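Here is the structure we will look at.
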Amino acid sequence: MKKEEKKDIFEKITSLAKRRGFIYPGSEIYGGLTGTWDYGPLGAELKRNIKNEFWKNMTQEHENIVGLDAAIIMNPKVWEASGHLDSFSDPLVECKKCHHRFRADQLEKNPPAGGCPDCGGEITEPKQFNLMVETYLGSIEGEKLKTYLRGEITQGVHVNFKNILDSTRVKIPFGVAQVGKAFRNEITPGGLTFRSREFEQMELQFYTKPDKKESMKWMEYWKEERMKWYLSLGMTKKNLRFKEHEQLAHYAQAAFDIEYNTGGDSDASVGAGWKEMEGIHHRGDWDVRRHQEFSKQDLTYFDEETKERFLPYIIETSGGVDRATLFFLMDAYHEEEVKDGETRTVLKIHPKLAPYKAAVFPLLANKPQLVELAEKIYKDLKKEMMVIWDDRGNIGKRYRAQDEIGTMAGITVDFESLETEDVTVRDRDTMKQERVKIKELKNYINEKYQKN
Ligand code: GAP
């Protein structure tokens, strides 16, 4: 695909997302709130499916991983200990004329040759801008506690390291998976949900012995596992790559990103270049050591076999749910010629992620016998999977409308169905149609779309 076409896809996804109910601007009727987004009926299903697949893969398909769901608001000391209050910042510059703010590291040159990219005005020297979002708890003015909305979901796991050891039977090496909201006061939110101020992360914190060689072996293992996960859910291999970090975050000893190719030349916007989707980081013993220091609690691990006590090393996989949702949408978007110059838009999204597994159509909406049978099928399938009903317009139009949102199967109830007790099932990707017995329908869809 040429780079213009790829850039185009980002714009097409942006429009489809709003039009069909995947993603809406946050608080839109009040003029919106920069960096916030609301997921519509289809986006909520897609995002939930991605999170469910992550959760299942981590906590069910791996033996040594447990789950956690920690609070978003934590004791402010957590953020002192984690280093976020000192080091979680981006370099900010401001135009002295129009007062627009930019991230210095995202400008072509600093200061930019032509001055402010928006008005040409003079740009200030960069200063470090902390990304933590402040909040206040308590009802008595003057006694309110200043704290923060978590800047990463990670710390909820590390402050519970001891609780998990004491309440479960995990033994190092083991991992803790978590999915949840994080908040950052981003200087330049943008690219639809790509860089938001409120977003969701899906993470694994994996504890190993404090041994460089052993921990690097696990780092390699998790790099491969995470890449395999994206591929297993249908992402195109050539659109994914690893990129090693040149500059390390305050906690990291080594770091790689899984990047998605959004097409074109790399720049700060999302419709261009390779973009970070997930980070795989070697955090050393930074988090547990710092929490031990600041909380004055003993957070060491006792190894029953070697009789040694130590602070573990941590390998982290940290993915953005919103970025994954956006890139799964971009990757699945296709425009195809169907016949004689007629085209269709189809979201070839993996069956496990598709918002709807099937759509049920009575051939004619004004024939009660057809509607009655179709309704029975719809209600029966609904007990087991996400199904949508559509009785508007001709069948061709209904197929197109479902293709555009990635529905796997179109089920049409026609006059023959009343006699032969079968229906036409049309596959989203091949557009092939088959007659399937109504009593076999559930199995047919489960076998074909839910089971791989
Ligand atoms: N615990 C490590 C950590 O948070 P990060 O690289 O800052 O590492 C991990 O973030 C992932 O979270 C990123 O790869 C990205 O997918 C997602 N992410 C980070 N900031 C984001 C933002 N402002 N909007 C949307 N997603 C974001």
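Among residues belonging to the stretch 273-312 that are under 17 Å from Gly83 (Cβ atoms) and assigned to a strand (DSSP E or B), point out the one that is nearest to the ligand (Cβ to nearest atom). Show your work before the answer.
From the stretch 273-312, those under 17 Å from Gly83 (Cβ atoms) are 279, 281-295, 299, 311; that's our starting set.
Subset that is assigned to a strand (DSSP E or B): 279, 281-284.
Details: Gly279: 4, His281: 6, His282: 12, Arg283: 8, Gly284: 14 Å.
Selected residue: Gly279.
Determine whether Gly191 is within 15 Å of the ligand (Cβ to nearest atom) and on the phi > 0 side of the Ramachandran plot.
Values: within 15 Å of the ligand (Cβ to nearest atom): yes; on the phi > 0 side of the Ramachandran plot: yes.
Here the answer is yes, as Gly191 does meet what is asked.
Tally the residues that are at pLDDT 80 or above, open to solvent by less than 60 Å² (accessible area, probe 1.4 Å), within 14 Å of the ligand (Cβ to nearest atom) and part of a loop (DSSP other than H, G, I, E, B), restricting the search to the stretch 251-269. First the steps, then the outcome.
We begin by selecting, within the stretch 251-269, every residue at pLDDT 80 or above; these are 251-263.
Of the ones still in play, those that are also open to solvent by less than 60 Å² (accessible area, probe 1.4 Å) are 251-252, 254-263.
Applying the additional criterion that residues be within 14 Å of the ligand (Cβ to nearest atom) yields 251-252, 254-260, 262.
From what is left, the residues that are part of a loop (DSSP other than H, G, I, E, B) are 251-252, 262.
Of the residues in the stretch 251-269, 3 are at pLDDT 80 or above, open to solvent by less than 60 Å² (accessible area, probe 1.4 Å), within 14 Å of the ligand (Cβ to nearest atom) and part of a loop (DSSP other than H, G, I, E, B).
For the stretch 54-72, name all the residues that are surrounded by 14 or more Cβ atoms within 10 Å (Cβ to Cβ) and of a type in the set (A, V, I, L, M).
Met58, Ile65, Val66, Leu68, Ala70, Ile72
Every residue in the stretch 41-68 that is closer than 19 Å to Arg323 by Cα and either acidic (Asp, Glu) or in contact with a helix residue (DSSP H, G or I) (Cβ under 8 Å, 6 or more places away or on another chain) (or both), please.
Leu42, Gly43, Glu45, Leu46, Lys47, Ile50, Lys51, Glu53, Phe54, Asn57 - these are the residues of the stretch 41-68 that are closer than 19 Å to Arg323 by Cα and either acidic (Asp, Glu) or in contact with a helix residue (DSSP H, G or I) (Cβ under 8 Å, 6 or more places away or on another chain) (or both).
Restricting to the stretch 35-53, name every residue that is in contact with an Asp or Glu (Cβ under 9 Å, 6 or more places away or on another chain) and exposed (fewer than 15 other Cβ atoms within 10 Å of the Cβ).
Scanning the stretch 35-53 gives a single hit, Asp38.
Kindly provide the set of residues from the stretch 141-164 that are acidic (Asp, Glu) and closer than 14 Å to His84 by Cα, ordered by number.
Step one: filter the stretch 141-164 for residues acidic (Asp, Glu), giving 141, 143, 152.
Once the filter is applied, which keeps residues that are acidic (Asp, Glu) and closer than 14 Å to His84 by Cα, the stretch 141-164 yields only Glu152.
Please state which of the following conditions Ala71 fails to meet, knowing it meets all the rest: (1) in contact with a Cys (Cβ under 8 Å, 6 or more places away or on another chain); (2) modelled with pLDDT of 95 or more.
Single failed check for Ala71: (1).
Suppose we keep only residues that are over 26 Å from Leu233 (Cα atoms) and small (Gly, Ala, Ser) within the stretch 385-413. Which one would you say is most open to solvent (accessible area, probe 1.4 Å)?
The qualifying residue most open to solvent (accessible area, probe 1.4 Å) is Gly393.
So which residues in the stretch 125-146 are in a loop (DSSP other than H, G, I, E, B) and either within 16 Å of the ligand (Cβ to nearest atom) or exposed (fewer than 15 other Cβ atoms within 10 Å of the Cβ) (or both), if there are any at all?
Glu125, Leu131, Met132, Gly138, Ser139, Ile140, Glu141, Gly142, Glu143, Lys144
So which helices (runs of 4 or more DSSP H) are wholly in the stretch 147-236 and hold at least 1 residues that are open to solvent by 30 Å² or more (accessible area, probe 1.4 Å)? So that I can check it myself, show each step before the final result.
Values: elements: 154-158, 161-167, 212-232.
Counting at least 1 such residues, we get 161-167, 212-232.
Condition first: touching a residue at least 24 places away in the same chain (Cβ under 8 Å), part of a helix (DSSP H, G or I), surrounded by 18 or more Cβ atoms within 10 Å (Cβ to Cβ) and away from the ligand (no atom under 16 Å from the Cβ). Can you find one or more residues in the stretch 355-372 that meet it?
yes
Is it the case, given these coordinates, that Asn185 is within 16 Å of the ligand (Cβ to nearest atom), in contact with an Asp or Glu (Cβ under 9 Å, 6 or more places away or on another chain) and modelled with pLDDT under 95?
Details: within 16 Å of the ligand (Cβ to nearest atom): yes; in contact with an Asp or Glu (Cβ under 9 Å, 6 or more places away or on another chain): yes; modelled with pLDDT under 95: no.
When the stated conditions are applied, Asn185 does not pass them.
In the stretch 290-329, which residues are of a type in the set (Ser, Thr, Tyr), in contact with a Lys or Arg (Cβ under 6 Å, 6 or more places away or on another chain) and open to solvent by 10 Å² or more (accessible area, probe 1.4 Å)? Step through it out loud before you land on a result.
Keep residues of the stretch 290-329 that are of a type in the set (Ser, Thr, Tyr), which gives 295, 300-301, 306, 313, 317-318, 325.
So of that shortlist, the ones also in contact with a Lys or Arg (Cβ under 6 Å, 6 or more places away or on another chain) come out as 300, 317, 325.
Correct list: Thr300 only.
Hey, can you tell me all the residues within the stretch 27-41 that are under 17 Å from the mean Cα position of the chain (by Cα) and within 15 Å of the ligand (Cβ to nearest atom)?
Result: Gly35, Thr36, Trp37, Asp38, Tyr39.
Are there any helices (runs of 4 or more DSSP H) wholly within the stretch 1-120 with 1 or more residues that are in contact with a Leu (Cβ under 9 Å, 6 or more places away or on another chain) and of a type in the set (Asp, Glu), and if so which?
Details: elements: 3-19, 41-55, 77-82, 84-87.
In the stretch 1-120, the matching helices (runs of 4 or more DSSP H) lie at 41-55.
The values are calculated or read from the model by the stated rules, or taken from the named source; none is laboratory data. The structure displayed is predicted, hence computed values, not measured ones. Virtual Cβ from ideal backbone geometry, glycine too; neighbours counted across all protein chains shown. Ligands, DNA and RNA are stripped out before the accessible areas are found, and what is left, the full protein with its side chains, is counted by its heavy atoms. Shrake-Rupley method; radii C 1.70, N 1.55, O 1.52, S 1.80 Å.
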